[in-house]
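The values are calculated or read from the model by the stated rules, or taken from the named source; none is laboratory data. Bear in mind the structure is a predicted one, so any value in this text is a computation, not a measurement. In this analysis, Cβ positions are derived from the backbone assuming ideal geometry, glycine residues included, and neighbour counts consider all displayed protein chains. The area values use the complete protein model at the heavy-atom level, side chains included, leaving out ligands, DNA and RNA. Shrake-Rupley method; radii C 1.70, N 1.55, O 1.52, S 1.80 Å.
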Amino acid sequence: MKRTGIIAAGALGALVMAGCGSSSGSGTTAAASNKCSTSIGFEGPITGPASPVGDEQLHFAELALSMDNTANKTDIKLVQGDTQLNPAQATTVTQQFTSNSAIVGVVGPAGSQEVEAVGPLMARAGLAFMSGSATNTTLTTGTYPTFFRVVSNDGVQGPQDANYIVKTLHPTAVMIVDDQEVYSTGLVSSMVPVFQAAGVKVDHESVSQKVTDFASLVAKVTPATTVVVLPWQFAANAQQFGRDLAQQHKKAVIFGTDGLFSPGTFSISGSYVSSFGPDITAIPADASLVATATAKYGTFGTFGPPIFAATHVFDQAIASVCKAGKTPTRANVLAAVKSTNEPTSILGQPISFGAHGDLLNGKFFLFKLDSAGKYQLIPS
């Protein structure tokens, strides 16, 4: 009975929407127009240094919307907003979205620092927004009541990664470098105590995301430092850091968090990368979807599939509102998202949310880069 997560969900959506456009409905606007029509926004770094991430996320949002519109007989449009992974730019896009009454939900933004910037605006507008990559733990403490995420938070990732490093790589000393953004500093704060409790010496450094020459930082890597932890958002920066390590003949292993999962950009062999999303190409149930995505967009990483899942949650929420004979609004779509209970998903796990928008029972995945720079999943 198992097929791809989205195909199964899409079939369910078709059943859910069986009466959405029926003229024999309740006589509401949705039924009378014979169309379940509305818009959702997309916020992502379509241009700028993180554009490979934004492009992948946008492609998967478009793919989910296309498939769900067909399955559910809906007419949901996607309004694009380029945030460039910049809080100020994300704020400008959010102001445009909150002023657009046709938009009943927003997929994104990508970064935790962006969520912090736009959360109050979304809350005041009563507009649900859902990230597939913002993982800072502080985002789901109740401060942003309309925020959701389909990936686990850094309260899982940080300790999980640090414990793996301690128990498997056995370092006596590590360097951990934040990139001065809330995503990175949050991870550092959750990892350092694990290292210290294990008796591992920690050199905590800090560098701006705008820096692209890491020679002086690499010079601080001592012979005793066998692991360098980079909880960064720009994979290209980590790639350059790796090149600088090699140039200075330093043998420390790079251990990156989800921002570094970027095949083709970060490819330093022997490195480790954790990710909030699985490699769906290794999930048999997703084979059909993988083939479709690959044919349309080429290779992809772990940033796109969670956005597919987030878009699908909105699509199904809107479909359920229409099935009930109501016109989608921000209020009823928000309520429908809160009650999401998907038994399976493209991510190979169920999707439902806690009281403050966190994905329930989420997990992180760990990969090691082989001699060719290919990402190999480490079994949990």
(request) Could you identify the single residue in VAL273, VAL290 that is modelled with pLDDT of 95 or more, of a type in the set (A, V, I, L, M, F, W, C) and closer than 26 Å to THR185 by Cβ? (result) VAL273
(request) Would you check which residues across region 116-155 are under 24 Å from GLN349 (Cα atoms) and in a helix (DSSP H, G or I) and list them? (result) THR137, THR138, LEU139, THR140, ASP154, GLY155
(request) For residues that are open to solvent by 10 Å² or more (accessible area, probe 1.4 Å) and touching a residue at least 60 places away in the same chain (Cβ under 8 Å), tally how many sit in region 291-300. (result) 4
(request) With the checklist (1) open to solvent by 30 Å² or more (accessible area, probe 1.4 Å); (2) modelled with pLDDT of 95 or more in hand, flag the one item LEU65 doesn't pass. (result) (1)
(request) Please list, ordered by first then second residue, the pairs with beta carbon atoms under 9 Å, 6 or more apart or interchain, first in region 59-80 and over 15 Å from VAL107 (Cβ atoms), second among the polar types (S, T, N, Q). (result) ASN72/GLN316; THR74/SER37; THR74/THR38; ASP75/SER37; ASP75/THR38; ASP75/ASN69
(request) Go through region 307-337 and count every residue that is part of a helix (DSSP H, G or I) and over 20 Å from THR70 (Cα atoms). (result) 7
(message) So LEU85 passes all but one of these: (1) on the phi > 0 side of the Ramachandran plot; (2) surrounded by fewer than 20 Cβ atoms within 10 Å (Cβ to Cβ). Which condition number does it fail?
(response) (2)
(request) Return the total of residues in region 37-71 being touching an Asp or Glu at 6+ places or on another chain (Cβ under 6 Å) and either part of a helix (DSSP H, G or I) or within 23 Å of THR212 (Cβ to Cβ) (or both). (result) 3
(request) Grab the strands (runs of 3 or more DSSP E) fully contained in region 176-267, keeping just those with 3 or more residues being of a type outside the set (Lys, Arg) and open to solvent by 10 Å² or more (accessible area, probe 1.4 Å). (result) 201-206
(request) Among the residues of region 136-175, write down those that are aliphatic (A, V, I, L, M) and either within 13 Å of PHE364 (Cβ to Cβ) or surrounded by fewer than 21 Cβ atoms within 10 Å (Cβ to Cβ) (or both). (result) VAL151, VAL156, ALA162, VAL166, LEU169, ALA173
